[in-house]
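S.K.: One structure, pasted below without further comment.
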Amino acid sequence: MAELIMIIVSAVFIKNFVVVQFLGICPFLGVSKDFRSALGMGLAVTFVMTLTCLITYPIYTYILVPLKIEFIEIIVFIFIIASIVQMIEMALKRFSPTLYNAMGIYLPLITTNCAVLGVAELVIDTVQIADLIGITAAQMNMGFAVLYGLFAGLGFTFVIVIMSGLREKIARTPVSKHLKGFPISMITACFIAMAFYVFMLI
Amino acid sequence: MGSVNWSTFGIVTLIVAVIAIIFAVLIVIVYKLCHVEEDKTVEVISEKLAGANCGGCGFTGCNAFAKALAEGKANLSMCGPTANENKAEIAKLLNLPFTAEEQAYAVVKCAGGLNSKNKFEYVGNEGCIAQIAFMGGKKVCPNGCLCGGTCASLCPYHAITPSKDGVMVVNKALCEACGVCAKKCPKHIIELIPKSSKVYVACSTTCKGKEVVNTCKVGCISCGLCEKACKYGAIKLENNVPVIDYKKCVGCKACVSACRRKVIKEI
């Protein structure tokens, strides 16, 4: 139970993928214009992250490590992520065309979303992840990896939803001509990141 | 250089191949489960379109435009490059009313460049959009071409080149009337006119005659001589510049010889 709380706090707040580790900035700024597509994007990324952890962690631990070929991890991970995204794209097109159209170009971009590769790389780094969750490296197992992936994705969703809400509000307020559009969004992102910085201090 | 460790090489190849095969099979299964029949009409329409992907219609490309056409969100006149016969076929396919429009092309309605004075010397990013962000551009004339070449860089047909005065000039033979330049010009001085037209006004200034005399050698001083010279009533002064009604213009070129400052140009 204590580990679960640690995972939530660590993945969502302290080591938030977007505003603390600066991973996945592309969809964060690209799809955060309105609430609905931001939520859809966040959930899609969460789903991909969880699935990625579910598949990459055992492949790494039970296949690559015993065979001593850890160095091909990135190739294998990219392979897996790209395939999962392909499948999700096809499934979305079939079952939710509205969400498919709303996400448009950003859906295939999840393939190259560094947050997804980042979480896959993080959960196999047993020393670092164990330090974050507060367990010993030997205690690390697949359950923790998948949970970490899930909550890292939820952290991403959390931030992108906050950002979309703020951007929707900003769109209706009189902003100085020079700051309209993208510049004000960057400043907003900066303030969100500063708010999250507090978690690193405690 | 160390020697190649063939056994590791073999294992790596094998593992990657196995994973690839597993995922390929999975993707095929998901594809079979989730396959959606795409609308055939969209495909047919996009074949009939010019296929330049110029973006002049405002959609992301010819495919997106074809989809919007099929859904009734767009109309055919938004597309410049597509030939009239093809447009007629598409209209027939979609049961839309269609009247053939004459092929258009773009003209830059300014001849200033080196002939018109600058407010200050501009040093920085050459693009017009960057230039206009700083005090509305370097030209004294509020509607003068900034000579930054944004239109030239955006033109999908490479039809726009700078003249010897620095002003952008459209090559009539290459222009396909997509309208990207007219939309993106921050000064809004590019206009689409019918390809058969014989004359155009090479000035868009909103300034009064006296200011123009002081700032630009080739600007319109709104003397109104062209308006009087036109026997067909095709020219009217609006906001200090002549505006040609191309439906009435017969191409007699009386206005060209009447204009003292050579603002109205032959094509």
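S.K.: Between a residue in region A:61-90 that is in contact (Cβ under 8 Å) with a residue 24 or more places away in the chain and any residue that is open to solvent by 70 Å² or more (accessible area, probe 1.4 Å), which pairs come within a Cβ distance under 7 Å, given they are 6 or more apart or on different chains?
M.R.: That search, which allows pairs on different chains as well, returns A:I88/A:F47.
S.K.: Can you tell me which of B:G55, B:G51, B:G72, B:G2 is outside any helix (DSSP H, G or I) and touching a residue at least 40 places away in the same chain (Cβ under 8 Å)?
M.R.: Sole residue among the options that is outside any helix (DSSP H, G or I) and touching a residue at least 40 places away in the same chain (Cβ under 8 Å): B:G55.
S.K.: Still on this structure, please answer the following. Can you confirm whether A:I170 is open to solvent by 10 Å² or more (accessible area, probe 1.4 Å) and not in a loop (DSSP other than H, G, I, E, B)?
M.R.: For A:I170, the condition - open to solvent by 10 Å² or more (accessible area, probe 1.4 Å) and not in a loop (DSSP other than H, G, I, E, B) - is met.
S.K.: Next up: Filter region B:106-122 down to the residues that are in contact with a Gly (Cβ under 8 Å, 6 or more places away or on another chain) and assigned to a strand (DSSP E or B), then identify the one that is most open to solvent (accessible area, probe 1.4 Å).
M.R.: Ranking the qualifying residues of region B:106-122, first place goes to B:S116.
S.K.: Got at least one residue in region B:84-105 being aliphatic (A, V, I, L, M), within 30 Å of B:S163 (Cα to Cα) and open to solvent by less than 40 Å² (accessible area, probe 1.4 Å)?
M.R.: yes
S.K.: Could you say which residue among B:T82, B:T8 is touching a residue at least 12 places away in the same chain (Cβ under 8 Å) and either in the same structural domain as B:Y246 (by TED's automatic domain parsing) or polar (S, T, N, Q) (or both)?
M.R.: Sole residue among the options that is touching a residue at least 12 places away in the same chain (Cβ under 8 Å) and either in the same structural domain as B:Y246 (by TED's automatic domain parsing) or polar (S, T, N, Q) (or both): B:T82.
S.K.: Something else: Can you tell me which residue within region B:237-267, out of those that are within 22 Å of B:N143 (Cβ to Cβ) and among the polar types (S, T, N, Q), is surrounded by the fewest Cβ atoms within 10 Å (Cβ to Cβ)?
M.R.: B:N239
S.K.: Would you please name the residue that is surrounded by the most Cβ atoms within 10 Å (Cβ to Cβ), looking only at residues in region B:185-216 that are of a type in the set (A, V, I, L, M) and in a loop (DSSP other than H, G, I, E, B)?
M.R.: Here the residue is B:A202.
S.K.: Another question, if that's okay. May I ask you to verify whether A:V48 is out of contact with any strand residue (DSSP E or B) (no Cβ under 9 Å at 6 or more places or on another chain), crowded, with 17+ Cβ neighbours inside 10 Å and not in a helix (DSSP H, G or I)?
M.R.: Here the answer is no, as A:V48 does not meet what is asked.
S.K.: Next question, about the same structure. For region B:24-44, enumerate the residues that are assigned to a helix (DSSP H, G or I) and touching a Lys or Arg at 6+ places or on another chain (Cβ under 8 Å).
M.R.: B:L33, B:V42, listed by residue number.
S.K.: I'd like the residue in region A:52-83 that is closer than 16 Å to A:A115 by Cβ and either open to solvent by less than 50 Å² (accessible area, probe 1.4 Å) or among the polar types (S, T, N, Q) (or both) and, out of all such residues, is farthest from the other protein chains (Cβ to nearest Cβ).
M.R.: A:C53
S.K.: Mind counting the residues in region B:217-236 that are under 26 Å from the mean Cα position of the chain (by Cα), hydrophobic (A, V, I, L, M, F, W, C) and either closer than 17 Å to B:C145 by Cα or open to solvent by 60 Å² or more (accessible area, probe 1.4 Å) (or both)?
M.R.: 2
S.K.: Counting only residues that are within 8 Å of chain A (Cβ to nearest Cβ) and either open to solvent by less than 50 Å² (accessible area, probe 1.4 Å) or within 30 Å of B:E71 (Cα to Cα) (or both), how many does region B:25-59 have?
M.R.: Going through region B:25-59 one residue at a time, the tally reaches 7.
S.K.: Still on this structure, I have one more. Is it true that A:G143 is surrounded by 13 or more Cβ atoms within 10 Å (Cβ to Cβ) and either in contact (Cβ under 8 Å) with a residue 60 or more places away in the chain or under 20 Å from the mean Cα position of the chain (by Cα) (or both)?
M.R.: The answer is no for A:G143.
S.K.: Could I ask something else about it? Quick one: B:R260 ticks every box in (1) at pLDDT 85 or above; (2) over 19 Å from B:C110 (Cβ atoms) bar one, so which box is it?
M.R.: It fails just one condition, (2).
S.K.: Collect the residues in region A:22-73 that are at positive phi and either of a type in the set (S, T, Y) or over 13 Å from the mean Cα position of the chain (by Cα) (or both), keeping them in residue-number order.
M.R.: Within region A:22-73, A:K68 is the sole residue that qualifies.
The values are calculated or read from the model by the stated rules, or taken from the named source; none is laboratory data. No experiment lies behind these values; they were computed from the predicted model shown. Using ideal geometry, Cβ is built from the backbone for each residue, glycine included, and neighbour counts are taken over all protein chains shown. The accessibility values were calculated without ligands, DNA or RNA, using every heavy atom of the protein model including side chains. Shrake-Rupley method; radii C 1.70, N 1.55, O 1.52, S 1.80 Å.
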